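*Asks:* Next up is a structure, given as structure tokens.
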Amino acid sequence: MANCAIVGINWGDEGKGRMVDLLTEQYDIVVRYQGGGNAGHTVINEHGSFALHLLPSGIFRKNVVNILGNGVALDCENLWKEIEDLNSKGVSVTPENLKVSDRASLLMPWHRELDCLEEDRLKGKKFGSTRQGIAPFYSDKYQKKTIMAGELLNHEYLREHLKDILEWKNLTISEVYGAEPFTMEQVMAWLNDFGEKIRPFICDTGAYLRRAQSEGKSILFEAQLGALRDLDFGIYPYTTSSNTLAS
């Protein structure tokens, strides 16, 4: 079975979730390779109706391994809420069937805050953001100022890196927007809660995929949103902040 990518042809409301859910019967691995929690893939099955914002749509197949790749905006809080929701409805989500790239960057609480502050500032000229922090997140990633998921495995390094980033980020929050800055205690409390819950899922997904490919396993790549939302080839600036296309 050849590898395959599913990408929306327009804005991303074409029903990708149900197509991935259908096709995963023929695949070993489903990779969500970009985007954040600002869109939902709806899947309806015997367990109920689900709107998956971060989890790959192959999560309902018992023999499928699901991967959140390094291009994803990893919101630990919302990911954990999705995992809990599925577990409560009889869908098992464990480190065996969900793997999170150690190179995925974390979408932090200040990204959502900045998203809201900027939309409010723009007023009638706003882009129509979902206020989930996606644009501020990718802006920080391209500035090399994000926390990577793998850092959750090293508390000492994490705290030092976080201290530097928080000092820089608070300059924008307080000086540009006049809002209350985040404290180290607030952010560490958030990470100690939701980051710790996600830790068991974090691994080197690149190595895992290379092994899987050498073993002849089939891989399905799941995009979030569609071609017209692609940052480089979509209807700029009314796009998302990452590349949705298979390339």
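The values are calculated or read from the model by the stated rules, or taken from the named source; none is laboratory data. Nothing here was measured: the structure is a model prediction, and the numbers come from that model. Don't worry about glycine lacking a Cβ; one is built from the backbone with ideal geometry, like all the others, and counts go over all protein chains shown. Ligands, DNA and RNA are stripped out before the accessible areas are found, and what is left, the full protein with its side chains, is counted by its heavy atoms. Shrake-Rupley method; radii C 1.70, N 1.55, O 1.52, S 1.80 Å.
*Asks:* Region 189-247: which chymotrypsin sites (Phe, Trp or Tyr not before Pro) are DSSP loop and have at most 15 other beta-carbon atoms within 10 angstrom?
*Replies:* Details: sites: W190, F194, F201, Y208, F221, F233, Y238; in loops: F233, Y238.
Those satisfying the criteria are F233, Y238.
*Asks:* Calculate what fraction, in whole %, of the accessible area of the chain sits on carbon and sulfur atoms when a 1.4 Å probe is rolled over the protein chains.
*Replies:* Numbers: 6190 of 12260 Å².
The C+S portion of the solvent-accessible surface of the chain is 51 percent.
*Asks:* For the pair N87/Q186, report the inter-label distance in nm, with labels modelled 7 Å from Cα in the Cβ direction.
*Replies:* 2.8
*Asks:* Pulled fully out, how much extra length does the chain show between K145 and Q213, if you take 0.36 nm times their separation in residues and subtract their Cα-Cα distance?
*Replies:* Details: separation 68, 0.36 × 68 = 24.48 nm, distance 3.18 nm.
Value of the extension gain: 21.3 nm.
*Asks:* If you average 1/r over all unlike Cα pairs in region 164-247 and invert the result, what Kirkwood radius do you get in angstrom? It would help to have the intermediate numbers written out before the result.
*Replies:* On the way: mean 1/r = 0.0586 Å⁻¹.
With all distinct Cα pairs of region 164-247 included, I get 17.1 Å.
*Asks:* Further, regarding this structure: Expressed in nm to one decimal, what extension gain is obtained for the pair E25 and I44 from 0.36 nm per residue of sequence separation less their Cα-Cα distance?
*Replies:* Extra length available between E25 and I44 comes to 5.3 nm.
*Asks:* Within region 43-151, which trypsin sites (Lys or Arg not before Pro) sit in a loop by DSSP and count at most 10 neighbouring Cβ atoms inside 10 Å?
*Replies:* Details: sites: R61, K62, K81, K89, K99, R103, R112, R121, K123, K125, K126, R131, K141, K144, K145; in loops: R61, K62, K89, R103, K126, R131, K144, K145.
Here the trypsin sites (Lys or Arg not before Pro) that fit, given the DSSP loop and packing criteria, are K62, K144.
*Asks:* Add -39500 (n - 2.57) for each DSSP H run of 4 or more in the chain, then divide by its residues: what number comes out at 222 nm, to the nearest 500 deg cm²/dmol? The partial results should precede the final answer.
*Replies:* Working: 7 runs with 77 residues, N = 247.
Mean residue ellipticity, 222 nm, calculated: -9500 deg cm²/dmol.
*Asks:* Still on this structure, please answer the following. Using θ = phi - 60° and the Karplus curve 6.51 cos²θ - 1.76 cosθ + 1.60, what whole-Hz ³J(HN,Hα) does each residue of region 165-170 get, with Gly and Pro shown as x?
*Replies:* For region 165-170, the Karplus curve yields 5, 5, 4, 5, 5, 5 Hz.
*Asks:* What dipole magnitude, in Debye to the nearest 20, does region 140-181 give about its Cα centre under +1 on Lys/Arg Cβ and -1 on Asp/Glu Cβ? Each step should come with its number before you reach the end.
*Replies:* Working: 6 positive and 8 negative charges, 34 e Å.
With Lys and Arg at +1 and Asp and Glu at -1, about 160 debye.
*Asks:* A further question follows. May I ask for the angle, rounded to the nearest 10°, between helix 76-88 and the longest principal axis of the chain, with both axes built from Cα atoms and the value confined to 0 to 90°?
*Replies:* Here the helix axis deviates by roughly 40 degrees.
*Asks:* Using a cut-off of 17 Å between alpha-carbon atoms, which lysines can reach K81, once sequence neighbours fewer than 8 places away in the same chain are excluded?
*Replies:* Candidates past the 8-residue exclusion: K89, K99, K197.
*Asks:* Rolling a 1.4 angstrom probe over the protein heavy atoms, how many square angstrom per residue are accessible across region 153-225?
*Replies:* It amounts to 57 Å² per residue over region 153-225.
*Asks:* Under a 10 Å cutoff between Cα atoms, tell me which one of T146, T183, T42 has the largest fluctuation in the Gaussian network model of the chain.
*Replies:* Answer for the Gaussian network model of the chain: T183.
*Asks:* What do you get for Rg/Rh over the chain if you use C-alpha atoms and the Kirkwood form of Rh? Present the calculation step by step, with values, prior to reporting the outcome.
*Replies:* Numbers: Rg = 18.0 Å, Rh = 18.6 Å.
Across the chain, the Cα-based Rg/Rh ratio is 0.96.
*Asks:* May I ask you to list the aspartates and glutamates whose Cα is less than 20 Å away from that of K62, ignoring any residue fewer than eight positions away on the same chain?
*Replies:* D21, E25, D28, E46, E82, E84, D85, E96, E215, E222
*Asks:* If exposed GluC sites (Glu not before Pro) are those in a DSSP loop with at most 11 other Cβ within 10 Å, what is the longest stretch of the chain that has none?
*Replies:* Values: sites that count: E46, E96, E215.
Excluding the exposed sites themselves, the longest stretch runs over 97-214.
*Asks:* Just the projected area, averaged over all directions, of the convex hull on the alpha carbon atoms of region 1-97: how many nm²? All intermediate terms of the calculation are to be shown ahead of the outcome.
*Replies:* Values: hull surface 24.5 nm².
About 6.1 nm², averaged over all directions.
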